[in-house]
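S.K.: First the structure, which I've put down as C-alpha cells, then a few questions once you've had a look.
The values are calculated or read from the model by the stated rules, or taken from the named source; none is laboratory data. All of these numbers come straight from a predicted model, not from anything done at the bench. Cβ sites come from the backbone with ideal geometry, for glycine too, and all protein chains shown count toward neighbours.
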Amino acid sequence: MKKEKTFFVCQECGYSSTKWFGRCPSCGAWNSMVEERERVATKTLGPAMVYKPLPMWVEEDLKRLSTGFEQMDLALGGGLVKGQVLLIAGEPGIGKSTLLLQLAEKYSKAYGKVLYVSGEESGSQIGTRAKRLKVEGENLYLLPETELEYILETIQELKPSLLVVDSIQTIHSSQLESAPGSVAQVRECAYKLAEFCKRRDIPVFIVGQITKEGSIAGPKVLEHLVDTVLYFEGERFSFYRVLKVVKNRFGASGEVVVFKMTERGLEEVPEPSALFLQERRASPGSVVFPHTEGNKPVLLEVQALVIDALYTTPQRRTQGYDINRLALILAVLEKEAKIFTRDKDVFVNVVGGMQIVEPAGDLAVALAIASSVKGKELGDVVVFGELGLGGEVRAVHFPEMRLKEGKRFGFKRAMVPKGNILEMDDMEIYAVSHIKEALELLL
C-alpha cells in the first residue's frame with residue numbers, strides 16, 4: 001500500500017513544507033504550521049472548455065448585468081459580467097450580509113433564480129433579517145450549508161442566475177481532512193466554486209472574513225483567483241459605509257461607492273462629495289482635497305489640529321492618512337517653510353472614514369497643518385499636489401477631473417502644481433512649484 005504523504009501549511013500565508021517549523025520561514029508567524037494530507041486528484045465537474053480562435057472569443061456577448069444598485073454598477077465598470085467571481089471582505093457586523101441579501105433580491109427580480117449559500121447563519125436567522133429589510137425574494141433561494149460537494153450539486157440542479165457564498169471560510173470539502181477555514185480548504189473551495197460557475201456563466205459573490213490586521217483571511221492566492229476584490233469599510237457606529245473596488249478585471253480599480261445604513265437596509269449615496277462636505281465650516285486647519293483613484297473624484301475634507309505637546313515626546317496621530325507620510329511632510333515644512341512642530345502634537349483626520357493613499361493629498365495635508373499652526377483659515381479652495389522632500393510641488397494625474405468636481409460644488413479657487421496648470425471658466429487657479437509659494441498665496 002502506498003504511504004500517504006503529509007506536509008505542513010502555514011495558516012497565515014500558505015507556505016508549505018515537508019518539515020514542521022515553530023516559526024513560518026515565509027511570513028514569520030509563530031505556531032501557524034498545520035499538518036495536512038496530500039490532496040487527492042478528483043474528476044472535474046462540468047463540461048470541458050473548447051478552444052476557439054481569439055476573434056471568436058472577443059466577439060462573444062459581454063453583456064453587463066445590473067446589481068440593482070446604480071452607483072455600484074458604475075464602480076464595477078457597468079455591472080456584472082457572466083461568470084465573474086467577486087470577493088467582498090469587511091469587518092464583522094459592517095453589513096456585508098445585508099448588502100448581499102438586498103443585492104440578491106434585486107438581481108432575482110431582474111434575472112431569475114438566485115442561490116444564497118449561508119455557512120454562518122441558519123435559514124431562520126436570514127429570514128428574520130429579510131423580513132426586517134422588507135426583502136420578499138420569491139426567486140431568492142436560501143441554502144444553509146457548509147459542504148462544498150452538496151453546494152455544487154444544488155447549483156447544478158437549480159441553475160441560478162447568481163450565486164452568493166457567505167462566507168468562504170465556513171465552506172469545507174469532504175475530500176480534504178483539514179478544518180474549515182484552513183488554507184487548504186479555503187483555496188480548494190474557492191477554486192472549485194470559481195471553476196464550476198465560470199463554466200456555467202454564473203456570477204459569484206464570495207464573502208471573505210478579515211484578520212485583526214485588516215487583511216483577507218486565508219491564502220493570498222484567493223485574491224489572485226477572483227476577478228474582483230471589494231472592501232466594505234466604515235465605522236460600525238456610523239450610518240455610512242464605503243465599498244472600495246481594489247481589483248477589477250472588467251473595469252477600473254479604485255472606484256468608491258458610499259452607502260447609508262437605514263431601517264430598510266443599505267441605500268446608495270449618489271453624491272459622496274456632498275455627503276463629506278455637508279457639515280464643513282471654514283476654520284483653521286481645514287482644507288478640501290479632490291480625491292480620485294478611479295474614474296470618479298470625491299471631495300474630501302482634510303483636518304489638521306496642532307497644539308502644544310503635553311509630554312516630552314510629541315504625539316503624531318492620523319485617521320485615514322499614512323502616519324509615515326505625515327512625518328515626511330512635517331520634516332519638509334520645518335526645513336523649507338520654517339514651520340516648526342517638533343514641540344507640538346499633530347493630529348490629522350480625513351472626514352467620513354475615508355482613506356487617502358495617493359500622494360496627491362500631500363499639499364492639502366501640508367496646508368492644513370500650516371493653517372492650524374498659524375491659526376488662519378484657508379477659505380473655500382480645493383488643493384492637490386504631491387510634495388517632494390525638497391519642498392517642490394509635483395504634478396499628479398487627473399487634474400482636470402479634480403477641478404471639475406470642485407467647480408461643480410461651487411468652489412471658485414484651486415491650488416494645483418505648476419505641472420498641472422490649465423484654465424477653467426469661473427475658477428481662479430493658483431499654480432505653484434514650491435511649498436513656500438503655496439503658503440505665501442494662501443496664508
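S.K.: So residue 389 ticks every box in (1) farther than 20 Å from residue 293 by Cα; (2) of a type in the set (A, V, I, L, M); (3) surrounded by 13 or more Cβ atoms within 10 Å (Cβ to Cβ) but one. Which box is left unticked?
M.R.: (3)
S.K.: Can you tell me which residue in segment 281-333 is surrounded by the fewest Cβ atoms within 10 Å (Cβ to Cβ), limited to those that are under 17 Å from residue 373 (Cβ atoms) and touching a Phe, Trp or Tyr at 6+ places or on another chain (Cβ under 6 Å)?
M.R.: 317
S.K.: Can you confirm whether residue 247 is charged (D, E, K, R), surrounded by fewer than 20 Cβ atoms within 10 Å (Cβ to Cβ) and assigned to a strand (DSSP E or B)?
M.R.: Numbers: charged (D, E, K, R): yes; surrounded by fewer than 20 Cβ atoms within 10 Å (Cβ to Cβ): yes; assigned to a strand (DSSP E or B): yes.
So residue 247 passes the test.
S.K.: If I filter segment 180-198 down to residues being over 15 Å from residue 86 (Cβ atoms) and in contact with a strand residue (DSSP E or B) (Cβ under 6 Å, 6 or more places away or on another chain), which single residue comes out as surrounded by the most Cβ atoms within 10 Å (Cβ to Cβ)?
M.R.: Of segment 180-198, the ones over 15 Å from residue 86 (Cβ atoms) are 180-189, 191-192, 195-196.
Still in the running and in contact with a strand residue (DSSP E or B) (Cβ under 6 Å, 6 or more places away or on another chain): 180, 183-185.
Numbers: 180: 18, 183: 25, 184: 23, 185: 23.
Here the answer is 183.
S.K.: Right, another one. Would you tally the residues in segment 250-280 being over 19 Å from the mean Cα position of the chain (by Cα), outside any loop (DSSP other than H, G, I, E, B) and within 23 Å of residue 371 (Cα to Cα)?
M.R.: 1
S.K.: Restricting to segment 413-443, count the residues that are hydrophobic (A, V, I, L, M, F, W, C), part of a loop (DSSP other than H, G, I, E, B) and at pLDDT below 90.
M.R.: Our first condition is that a residue be hydrophobic (A, V, I, L, M, F, W, C); within segment 413-443, this holds for 414-416, 421-422, 424, 427, 429, 431-432, 435, 438-439, 441-443.
Pick out the ones that are also part of a loop (DSSP other than H, G, I, E, B) and you get 421-422, 424, 427, 443.
Imposing the further condition that a residue be at pLDDT below 90 reduces the set to 421-422, 424, 443.
Residues that pass the stated criteria total 4.
S.K.: Let me ask you something else. Tell me whether segment 257-274 contains one or more residues that are charged (D, E, K, R) and buried (at least 20 other Cβ atoms within 10 Å of the Cβ).
M.R.: Step one: of segment 257-274, the residues charged (D, E, K, R) are 260, 263-264, 267-268, 271.
Restricting the remaining residues to those that are buried (at least 20 other Cβ atoms within 10 Å of the Cβ) gives none.
Taking every residue of segment 257-274 in turn, none turns out to be charged (D, E, K, R) and buried (at least 20 other Cβ atoms within 10 Å of the Cβ).
S.K.: Residue under question is residue 299, and the condition is that it be closer than 29 Å to residue 391 by Cα and under 21 Å from the mean Cα position of the chain (by Cα); does it hold?
M.R.: On the way: closer than 29 Å to residue 391 by Cα: yes; under 21 Å from the mean Cα position of the chain (by Cα): yes.
The answer is yes for residue 299.
S.K.: Kindly check whether there is at least one residue in segment 293-307 that is at pLDDT 90 or above, farther than 24 Å from residue 415 by Cα and in the same structural domain as residue 399 (by TED's automatic domain parsing). Give the steps one after another, and end with the answer.
M.R.: As a first pass, look at segment 293-307 and keep what is at pLDDT 90 or above: 298-307.
Still in the running and farther than 24 Å from residue 415 by Cα: 307.
Still in the list and also in the same structural domain as residue 399 (by TED's automatic domain parsing): 307.
Checked against the condition, which is being at pLDDT 90 or above, farther than 24 Å from residue 415 by Cα and in the same structural domain as residue 399 (by TED's automatic domain parsing), segment 293-307 yields at least one hit.
S.K.: Further, regarding this structure: Give 402, 408 a once-over and let me know the one that is buried (at least 16 other Cβ atoms within 10 Å of the Cβ) and either touching a residue at least 24 places away in the same chain (Cβ under 8 Å) or more than 19 Å from residue 325 (Cα to Cα) (or both). Write out each step before concluding.
M.R.: Values: 408 fails: buried (at least 16 other Cβ atoms within 10 Å of the Cβ).
Of 402, 408, the one residue that is buried (at least 16 other Cβ atoms within 10 Å of the Cβ) and either touching a residue at least 24 places away in the same chain (Cβ under 8 Å) or more than 19 Å from residue 325 (Cα to Cα) (or both) is 402.
S.K.: Within segment 312-338, how many residues are under 17 Å from residue 363 (Cβ atoms) and part of a helix (DSSP H, G or I)?
M.R.: Start the filter on segment 312-338 by keeping residues that are under 17 Å from residue 363 (Cβ atoms), which leaves 318, 320-322, 325-337.
With part of a helix (DSSP H, G or I) added as a condition, the list becomes 325-337.
Residues meeting the conditions: 13.
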